[in-house]
1. Taking region 1-133, how much of its Cα-Cα pair set, in percent, is spaced more than 19 angstrom apart?
2. Could you size up the charge dipole of the chain around its Cα centre, putting +1 on the beta carbon of Lys and Arg and -1 on that of Asp and Glu, and report it in debye to the nearest 20?
3. Under the definition of Cα pairs under 8 Å and six or more residues apart, what whole-number percent is the relative contact order of the chain?
4. Between 0 and 90 degrees, rounded to the nearest ten: what's the tilt of helix 114-125 against the longest Cα principal axis of the chain?
5. Provide the percentage of antiparallel DSSP beta bridges, counting only those with both residues in the chain; round to the nearest 5.
6. Taking every pair of alpha-carbon atoms in region 182-242, what share in percent sits in each 10 Å bin, from 0 to the bin with the longest distance?
7. Give me the accessible area per residue for region 168-258, probe 1.4 Å, as a whole number in Å².
8. In region 109-143, what trypsin sites (Lys or Arg not before Pro) fall in a loop by DSSP, with at most 16 other Cβ atoms inside 10 Å?
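The values are calculated or read from the model by the stated rules, or taken from the named source; none is laboratory data. In this text the structure is predicted, and so the values were computed from the model without any measurement. A quick note on method: Cβ atoms are made from the backbone with ideal geometry, for glycine too, and the neighbour counts reach across all protein chains shown. For accessibility, only protein heavy atoms count, side chains too; no ligands or nucleic acids. Shrake-Rupley method; radii C 1.70, N 1.55, O 1.52, S 1.80 Å.
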Amino acid sequence: MVNDANEVKQWYMEYRIHKNRPGLLGDVASLMGMLDINIVTINGVDDRTRGMLLQTRDEEKIELMGKMLKKVDNITITALRPPKLVDILAVRHGRYIERDSDDRKTFRFTRDELGLLVDFLGEMFKREGNHVVGLRGMPRVGKTESIIAGSVCSNKRWTFVSSTLLRQTVRSQLSEDEMSHNNVFIIDGIVSTLRSNEKHHTLLQEIMAMPSTKVIEHPDIFIRESQYTYDDFDCIVELRNTPEEEISYESFTGGFDEY
């Protein structure tokens with residue numbers, strides 16, 4: 001397959017402002033205009049940091065712009081790359097999603113960031129193929145509601161495989177319509193592993209093998225009590241009421257055998 005040299009590509013640029021003098025943004029925008037680089041979206045993403053989504057047909061112009069802006073004393077370029085999902089959401093919402101410094105697969109949200117979380121999940125759910133998302137959080141923090149809202153944002157139907165929201169539902173079979181690869185499958189990791197019967201376990205294995213999106217609440221219990229591992233997850237999302245809240249399964253499962 002031959003790449004189209006005239007294809008419009010997006011880039012993410014971020015810079016930190018050392019001295020926010022009048023006309024600084026205008027100077028940066030003027031340089032981009034002269035290079036025929038379009039600004040798609042712009043926003044402040046942190047204190048004294050600005051992010052931009054850019055478009056151009058010429059990758060060399062991006063490289064040239066980066067070199068020129070490095071000579072500007074008032075700013076420091078901190079990112080210039082093809083945009084990642086976190087970059088797009090940072091510009092859209094004006095803030096970065098918190099990620100675990102040691103485990104880059106883990107993303108952290110609090111209840112006051114539910115809009116950002118729903119947008120994040122919605123973008124994740126739009127992707128085709130097999131994707132497994134783990135969602136950690138205490139009861140009534142908004143986990144299931146966020147998954148449903150993310151499904152709506154991605155224009156996909158959601159299917160409960162197991163859930164405590166619906167009277168501790170444990171499904172043993174799904175209809176043909178429910179087994180669509182385009183659905184988002186919602187699985188409660190505790191219910192599916194500690195209250196499941198053989199039929200549910202067979203259904204779960206079939207769903208996990210499908211090229212579709214699966215969201216597993218309480219992923220740590222799911223991993224501990226099944227043959228699946230942490231490597232089977234594309235990302236882990238943590239949702240807390242406050243940043244300091246500890247996610248402790250023992251506090252709401254009691255004895256696992258009785259759950």
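1. Working: 4966 of 8778 pairs.
Above the 19 Å cut-off, region 1-133 has 57 percent of its Cα pairs.
2. Details: 34 positive and 42 negative charges, 175 e Å.
Using Cβ point charges on Lys, Arg, Asp and Glu, the chain gives about 840 debye.
3. Values: 448 pairs, mean separation 48.4, N = 259.
Dividing the mean separation by the residue count of the chain yields 19 percent.
4. On a 0 to 90 degree scale, this one is about 80.
5. Working: 25 of 48 bridges.
Once the DSSP bridges in the chain are tallied, antiparallel ones form about 50 percent.
6. Going from the shortest bin to the longest, the percentages are 20, 58, 20, 2.
7. Working: 4470 Å² over 91 residues.
On a per-residue basis, 49 Å².
8. On the way: sites: 111, 126, 127, 136, 140, 143; in loops: 126, 127, 140.
For trypsin sites (Lys or Arg not before Pro) across region 109-143 that sit outside H, G, I, E and B with at most 16 neighbouring Cβ atoms in 10 Å, the list reads 126, 127, 140.
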